[in-house]
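Peer 1: Submitted below is the structure of interest, expressed as structure tokens.
The values are calculated or read from the model by the stated rules, or taken from the named source; none is laboratory data. Since we're looking at a predicted model, the values are computed, not measured. Every residue, glycine as well, gets a Cβ built from its backbone with ideal geometry; the counts of neighbours run over all protein chains shown.
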Amino acid sequence: MYGMLIESIHLFVQTNYGEECWTRVLHRANLRHTVFAVHLRYSDSVMTELAEACSAVTGEGSKDDFMLRFGRCFVHYFTRYGYGLIMRASGRLLP
């Protein structure tokens, strides 16, 4: 998984819950990184660890709920950087 996905999660958490919550999520997920390079690859387990941590820290929904929210947020994040045509070509059910 590329860091771009993780950065979109960071934006989601920061926008909806604040930077302090993001710091708690990283700590809860046992991630030592605080910054993720958008073009580097990270373990696929990072996504589920972040979803589980978001669920535990916020108390708002399950891991699966956060995985869906992450997908929706990624579409918006990715579109902001000029990849809207690719997103539209991928179909309306991409998240």
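Peer 1: For residues in region 1-56 being touching a Gly at 6+ places or on another chain (Cβ under 7 Å) and small (Gly, Ala, Ser), which is modelled with the highest pLDDT?
Peer 2: To start, the set of residues in region 1-56 that are touching a Gly at 6+ places or on another chain (Cβ under 7 Å) comprises 36-40, 42, 55.
In the following step, the residues that additionally are small (Gly, Ala, Ser) were identified as 37, 55.
Details: ALA37: 89, SER55: 97.
Selected residue: SER55.
Peer 1: Further question: Here are some conditions: (1) loosely packed, with under 13 Cβ neighbours inside 10 Å; (2) among the hydrophobic types (A, V, I, L, M, F, W, C); (3) in a helix (DSSP H, G or I). VAL35 meets all but one. Which one does it not meet?
Peer 2: Tallying (1) loosely packed, with under 13 Cβ neighbours inside 10 Å; (2) among the hydrophobic types (A, V, I, L, M, F, W, C); (3) in a helix (DSSP H, G or I), VAL35 fails exactly one: (3).
Peer 1: Another question, then. If I ask for residues that are surrounded by fewer than 18 Cβ atoms within 10 Å (Cβ to Cβ), of a type in the set (Gly, Ala, Ser) and farther than 14 Å from SER8 by Cβ, which ones from region 53-79 would you list?
Peer 2: ALA56, GLY59, GLY61, SER62
Peer 1: Name the single residue, out of those in region 1-25 being part of a helix (DSSP H, G or I) and among the hydroxyl-bearing types (Ser, Thr, Tyr), that is surrounded by the most Cβ atoms within 10 Å (Cβ to Cβ). Step through it out loud before you land on a result.
Peer 2: Going residue by residue through region 1-25, those that are part of a helix (DSSP H, G or I) are 3-17, 19-25.
Narrowing further to those that are among the hydroxyl-bearing types (Ser, Thr, Tyr): 8, 15, 17, 23.
Numbers: SER8: 21, THR15: 10, TYR17: 16, THR23: 13.
Out of the qualifying residues, it is SER8.
Peer 1: Still on this model: Could you please find all residues in region 34-52 being of a type outside the set (Ser, Thr, Tyr) and more than 16 Å from LEU11 (Cβ to Cβ)?
Peer 2: Of the residues in region 34-52, the ones of a type outside the set (Ser, Thr, Tyr) are 35-41, 44, 46-47, 49-52.
The answer is HIS39, LEU40, ARG41, ASP44, GLU49, GLU52.
Peer 1: May I ask you to list the residues in region 1-40 that are among the charged types (D, E, K, R), over 17 Å from ARG80 (Cα atoms) and under 14 Å from the mean Cα position of the chain (by Cα)? Walk me through it before giving the result.
Peer 2: Step one: filter region 1-40 for residues among the charged types (D, E, K, R), giving 7, 19-20, 24, 28, 32.
After this cut, where a residue has to be over 17 Å from ARG80 (Cα atoms) as well, the list is 19-20, 24, 28, 32.
If the condition is that a residue be among the charged types (D, E, K, R), over 17 Å from ARG80 (Cα atoms) and under 14 Å from the mean Cα position of the chain (by Cα), then GLU19 is the only one that fits.
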